[in-house]
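Participant: Next up is a structure, given as structure tokens.
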């Protein structure tokens, strides 16, 4: 590894010598809420943003999120510029960034070798339905609590 610079706070920015991971896009950021109806009201009626759709996810979504019998109500909000906010009425206080990567396997190998101690919440799953049917997905979390949803 090569240290590029040190931030004013004293934190070094480190660049690895190889970069096997290629992020293709960041389709959405998921934010959990206590009340989906209040969150929809905020984004749609106060902030004047478009709600693309709402849906109810039930098992087999539990195999993806790693919680048995998980049932999740969601709403997709479109932000200016096209980024989506995925509002989830579930597991209050958590959030995740979704990234589509060129190779899920290469990305998981790179995370395994990272110092931040990443762990998979479940094994990669192939989605069976919806707009991402056929894609593999896995949630990973590091020791700092950063959660990524990886599509590959």
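Read-outs throughout are calculated quantities, based only on the coordinates presented, and are distinct from any laboratory measurement. Just so we're clear, the structure is a prediction, and the values are computed from it rather than from any experiment.
Participant: Please work out how much length the chain gains when fully extended from residue 120 to residue 9, using 0.36 nm per residue of separation minus the C-alpha to C-alpha distance, in nm with one decimal.
Facilitator: That pair, residue 120 and residue 9, stretches by 36.9 nm at full extension.
Participant: Moving on to the next point. Can you grab the distance from the C-alpha centre of segment 26-42 to the C-alpha centre of segment 70-106, Å, no decimals?
Facilitator: 9 Å
Participant: Between Rg and the Kirkwood Rh of segment 17-151, both from Cα atoms, what is the Rg to Rh ratio?
Facilitator: 0.97
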